[in-house]
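Derivation of every value follows stated rules applied to the coordinates shown; laboratory data play no part. Being a predicted model, the structure only gives us computed values, none of them experimental. Don't worry about glycine lacking a Cβ; one is built from the backbone with ideal geometry, like all the others, and counts go over all protein chains shown.
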């Protein structure tokens, strides 16, 4: 049985000189969580994650979040105008899904960097700096995955928990060389979803799943004092596998142009 996420395709990108071994084009088996739903309001996110403030314009509910789109993320930052201040937990809508390493020559690489294997993020040049200093959470109602049936047709499923889930992520800031240093638009904020091997119900759809943080792991994951790579690996190893339930949904989700609540309705055969 062949299974894959029906994520948008992108052309191959050149890897910056000196980092050729840090990046390879993903295969169908690598792409996990190529789409997800995120419908919580900003007010709900601020309350759920005990965040102090929100930055960026509020995003509308999305039932079909796709790579390169702007997404809601929860992260911790030190105020730019007061580097001695305590870090602040924020809900940000500035991040685009698909991580662009700070050394990348072309931001188009982000379309292929929507996932990062949790087992290797502290070693890979594209992710290791963010793994130590720029961890985030991507809130979701659940995510979509595709499975081929006996006829070879890809059938979409929606995988969810009993409540919205907190997907572990990393974020990066890419400096646009065409804009001056003082320009606030110079920095492109991007993110990626961490994945792990899946053995429960999700494993029947795909052999990997997002790293889903239980409530007790939210604070440790966002802890900016946790920078040692071995400690980050130990934290990841201690996160329990998520218990998610799949159900079949309409093939309308195949197109990112479709974005309505109907996408979450179960298909009964």
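Computed FRET efficiency, Cβ-Cβ of residue 207 and residue 80, R0 45 Å: what is it to the nearest 0.05? It comes out at approximately 0.60. Prolate is the label for segment 78-153, because a/c, from the alpha-carbon gyration tensor with a ≥ b ≥ c as root eigenvalues, is 1.5 or above and a/b exceeds b/c.
Among (1) 25; (2) 44; (3) 19, find the value of percent of Cα pairs over 32 Å apart that was calculated from the structure presented, and write down its label. Matching the structure shown: (3). The long axis of helix 229-238 is offset from the longest Cα principal axis of the chain by roughly 30 degrees. Take each peptide in 155-162, 248-255, count the other Cβ atoms within 10 Å of every residue, and average; sorted highest first, the result is 155-162, 248-255. Taking every DSSP beta bridge that has both ends in segment 26-264, the antiparallel portion is near 85%.
When the square roots of the Cα gyration tensor eigenvalues are ordered a ≥ b ≥ c, the ratio a/c for segment 37-89 is 1.5 or more and a/b exceeds b/c, which makes its shape prolate. On full extension, the segment bounded by residue 44 and residue 219 gains 61.2 nm, given 0.36 nm per residue less the C-alpha separation.
Working ranking of peptides 56-69, 225-238, 101-114, 176-189 by packing, defined as the average number of other Cβ atoms within 10 Å per residue, highest first, is 101-114, 56-69, 225-238, 176-189.
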